[in-house]
1. Please work out which one of (1) in a strand (DSSP E or B); (2) touching a residue at least 24 places away in the same chain (Cβ under 8 Å); (3) not charged (D, E, K, R) is the condition Leu152 fails and give its number.
2. Can you pull out the residues in region 26-81 that are in a helix (DSSP H, G or I), at pLDDT below 90 and under 22 Å from Gly132 (Cβ atoms)?
3. Answer with yes or no whether Ile121 is farther than 17 Å from Tyr62 by Cβ, in contact with a strand residue (DSSP E or B) (Cβ under 9 Å, 6 or more places away or on another chain), in a loop (DSSP other than H, G, I, E, B) and of a type in the set (A, V, I, L, M).
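The values are calculated or read from the model by the stated rules, or taken from the named source; none is laboratory data. Please read all numbers here as calculations on a predicted model, not as lab measurements. Because the Cβ atoms are built from the backbone with ideal geometry, glycine has one as well, and the counts that use them run over all protein chains shown.
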Amino acid sequence: MRDHISELRIEPIAREHERASFDCGKAPLNDYLYRHARQNDKKKISKTFVAVSNNNRVLGYYSLCTASIEFEELPEGIRKQLSPAALIAKLAVDESLCRQGLGARLLIDALQRIVSASSEIGIKAILVDTIGDEALEFYRHFEFIELPGQHLKLFLPIETIQQLF
């Protein structure tokens, strides 16, 4: 099935993408895709990218926007090093493709876009707000670090990603 994942296109959300059948099992993430992703994209609040099949059915997505990290939120050793950030505001995969590598592919695509943007604008870190322990473990697997005292909020310094790409 992983070959099927590699055949999916990841592209900016558009009217022709079929979103109605998407179901990741998390109502807030489904609702965002159905009701807010395109509007937020048009208003430049966030940018959403979708993984679509040949028939334009959305099977996964992520949204990016800007953010900042308050110095007090950071671990003591790196407080002076981070502030402007990119936020992976949403990342979800249709239940039909869970645990088949699409989440990782979407995350890598998002990180590549952020690293590319960081060569043009100031980005020192990538933030994620998870909605549960399963998502928390997913990001930890990719070396995201929990912000002290904020169990479901993680970050990754941009330098860590730049070394990979």
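1. (2)
2. Step one: of region 26-81, the residues in a helix (DSSP H, G or I) are 27-42, 71-73, 76-78.
Those still in the list that are at pLDDT below 90 too: 71-73, 76-78.
Listed by number, the list holds a single entry, Glu73.
3. Numbers: farther than 17 Å from Tyr62 by Cβ: yes; in contact with a strand residue (DSSP E or B) (Cβ under 9 Å, 6 or more places away or on another chain): yes; in a loop (DSSP other than H, G, I, E, B): yes; of a type in the set (A, V, I, L, M): yes.
Criteria met by Ile121.
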